[in-house]
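Taking it in order: structure first as structure tokens, then the write-up.
The values are calculated or read from the model by the stated rules, or taken from the named source; none is laboratory data. Source: prediction; values computed, not measured. Cβ coordinates were reconstructed from backbone atoms using ideal geometry, including for glycine residues, and neighbour counts include every protein chain displayed. SASA here: full protein model, heavy atoms, side chains in, ligands and nucleic acids out. Shrake-Rupley method; radii C 1.70, N 1.55, O 1.52, S 1.80 Å.
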Amino acid sequence: MGEAIVITSGKGGVGKTTTTANLGTALALLDKKVCLIDTDIGLRNLDVIMGLENRIIYDIVDVLEERCKVSQALIKDKRFDCLYLLPAAQTSDKSSLTPEGMIEVINQLKPDYDYILIDCPAGIEQGYKNAVVGADKALVVTTPEKSSVRDADRIIGLLEQEDIEPPHLIINRIRNHMMKNGDMLDVDEIVQVLSIDLLGIVADDDDVIKASNHGEPVAFQPNTRASIAYRNIARRILGESVPLLSLEEKPGFMDKIKKVFGLAK
Amino acid sequence: MSANQTNQRITIKGTRDGLTLFMDDTCSFENLLKELHDILTSHHFAEDEPMITVKVELGNRYLNGEQESQLREVIRKQNKLVVDQIVSNVILKTEALEWKEDTEIRLHNKIVRSGQVLHVNGDLLLVGDVNPGGKVIASGNIFVMGNLRGIAHAGVDGNEEAVIAASYMAPNQLRIADKISRSPDNEQGGVHMECGFLDEQREQIIMDRISSLTKARPDLNAFERRIFNG
């Protein structure tokens, strides 16, 4: 029986969809059977980041309105046989997406998959409720910005009222030099305010945007900082204990030389 | 004999503020009313006398609403008498519970997150944080064992004596009764073990070390005082 995990944040643009795509990819790399569900009706993105946009025939609204079966709407990933996507509708009326319908779909998927990752829309209205209702666990994504932490706090408060395990935190888009200078909230501060368990931190990396634009999640790449971070989070979801990635940039060739001469810190 | 008894049921005392009627609390209410009526009608007030305020001491007698209005009616029939207050030593259990609730310390062990409101009657003792955007409200005092980063409103029903204290004080706003103070715009972090209360003129909220409360609010923990002041 699979586990349904909702990825949510409250605020828009902090990287829910990117996180969903990358965690799905990372879990698939670890040989888990994964299904991604995009619940952001009308503003679907997950298929674009996964590079599966051109394969969509049916979507989740078609499933809920019984125009097709769940298995017909699922899209198999280009790279993995064990990774599937249930896309959101781009045009249909979103009123047919109900909490009952979502639970129904997730229960149909659970026997066949190890993990079901639900990409939640921004906000705390009906879309959020639909995304959360069928989940067993929740991941809250935030960036080291005040507004984003505030919204994460709000979402955590709402999640606490749901019948769901205590949520875990992912801090995304960390810029190390800004955190060091105190221009950005630091990880400890965020964890202290939100007081939930930290699942992982992801550095702000140009490769993430590059990869997303190519329709290939960054977690697929072998050794960028972000891809390692996402794969570590996936391993933590599986229950492994993996230490947090150091945010320090790897010293380059010149830095090493400087160090030899005692010029670098 | 009977006259002697009736005289004992109601004792009238004149004070500077008016009359005080001490009522016997063992006889039946009907007898009491009747005697009160007799006493008051036997005394004639001159037309030019000023109005006299009357305080009624019931002793250990409880009056329900109807009885109280009957009593007031009997006294009011005398043109010159005005009922100022009716005092009794006893209250109903339900009223006592309400009183207790309003003065009890409510312990909550949680984090009040953005968008959440925690509203209690009586004093609030919060073991946990109030995050920015969160709000705690109490009719009495507020004590936060944790970080107060949101809004705290003490004495929400108008109690200007109420205080707010926190282990770490970095609030968006403090409110006491109908006074509001907000954090300074140039953010400078919070302070540890501080409290806020209204100054002596009851005009603005001042911040000080928690230890200063012993001077500013010496009767913070006096439950009885609150009972007698209502």
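Between residue A:141 and A:8, A:9, A:170, the built amide H atoms are under 5 Å apart, and every one of these is 5 or more places off in sequence or on another chain. The phi-based Karplus calculation (6.51 cos²θ - 1.76 cosθ + 1.60; θ = phi - 60°) puts the 3J(HN,Hα) values of the range B:200-213 at 5, 7, 6, 10, 9, 7, 10, 10, 7, 4, 4, 5, 6, 5 Hz, whole numbers, x for Gly and Pro. For residue A:240 and residue A:176, what does the FRET efficiency come to when R0 = 25 Å and r is the distance between their Cβ atoms, rounded to the nearest 0.05? Efficiency computed from Cβ-Cβ geometry: 0.55.
Annotation: per residue accessible area for the protein assembly as shown equals 52 Å², rounded to a whole number [probe 1.4 Å, protein chains only]. Which residues, if any, in the range B:142-160 have at least 10 Å² less accessible area in the whole protein complex than in the isolated chain, probe 1.4 Å? Buried by the other chains: B:147, B:149.
For residue A:174, the residues 5 or more places off, or on other chains, whose built amide H falls under 5 Å of its own are A:202, A:203, A:204. The dipole here belongs to the range B:1-121: it is taken about the Cα centre, uses +1 on the Cβ of Lys and Arg and -1 on the Cβ of Asp and Glu, and is about 480 debye.
The charge dipole of chain B, taken about its Cα centre with unit charges on the Cβ atoms of Lys, Arg (+1), Asp and Glu (-1) only, comes to about 560 debye.
Look at the dipole of chain B built from charges on Cβ: of B:142, B:213, B:115, the Cα furthest out on the positive end belongs to B:115. Burial annotation for the range A:149-195: residues with an accessible-area loss of at least 20 Å² between the isolated chain and the complete set of protein chains, computed on heavy atoms with a 1.4 Å probe, are A:150, A:153, A:154, A:157, A:160, A:192, A:193, A:195.
In whole percent, how big is the carbon plus sulfur part of the accessible area of the range A:3-260, probe 1.4 Å, protein atoms only?
Exposed carbon and sulfur together represent 47 percent of the surface.
Shown here for the range A:1-103: GluC sites (Glu not before Pro) in loop regions (DSSP other than H, G, I, E, B) with at most 11 other Cβ atoms within 10 Å, namely A:66. Summing charges over neighbours of residue B:22, with a neighbour being any other residue whose Cβ is under 12 Å away from its Cβ, gives +1 when K and R count +1 and D and E count -1. Averaging 1/r across all pairs of distinct Cα atoms in chain B and inverting the result yields a Kirkwood radius of 21.1 Å. Across the range B:149-205, Cα pairs under 8 Å and at least six residues apart give a relative contact order of 37 percent.
Using Cα pairs under 8 angstrom and six or more residues apart, how large is the relative contact order of the range B:2-87, in percent?
Relative contact order here is 31 percent.
Over the range B:96-229, with every protein chain in place, what whole percent of the accessible area is carbon and sulfur at 1.4 Å, could you tell me? C and S atoms contribute 51 percent here. Per residue, the average separation of C-alpha pairs within less than 8 Å and at least 6 apart gives the range B:37-163 a relative contact order of 16 percent.
In chain A, the longest principal axis of the Cα atoms and the axis of helix A:99-109 are about 80 degrees apart. Comparing the full protein assembly with the isolated chain (1.4 Å probe, heavy atoms, ligands and nucleic acids excluded), the residues of the range B:92-124 losing at least 40 square angstrom of accessible area are B:113, B:114, B:116. Taking all protein chains as they are arranged and a probe of 1.4 Å, the heavy atoms of residue B:34 leave approximately 130 Å² accessible to solvent. What is the helix-to-structure angle for A:225-237, meaning the angle in degrees between its Cα long axis and the longest Cα principal axis of chain A, kept from 0 to 90 and rounded to the nearest 10? On a 0 to 90 degree scale, this one is about 60. Consider a paramagnetic label point 7 Å from the Cα of residue B:13 along Cα→Cβ; state which residues of the range B:51-82 have an amide N under 11 Å from it. B:57, by backbone N distance to the label point. Based on the convex hull around the alpha carbon atoms, the protein assembly as shown presents an average projected area of 37.1 nm².
Note on the range B:2-87: with neighbouring protein chains present and a 1.4 Å probe, carbon and sulfur make up 46 percent of its accessible heavy-atom surface.
When the accessible areas of A alone and B alone are added and the area of the pair subtracted, with a 1.4 Å probe, the result is around 1000 Å², both sides summed.
When the convex hull of its Cα atoms is viewed from all sides, the range A:1-130 shows a mean projected area of 6.9 nm².
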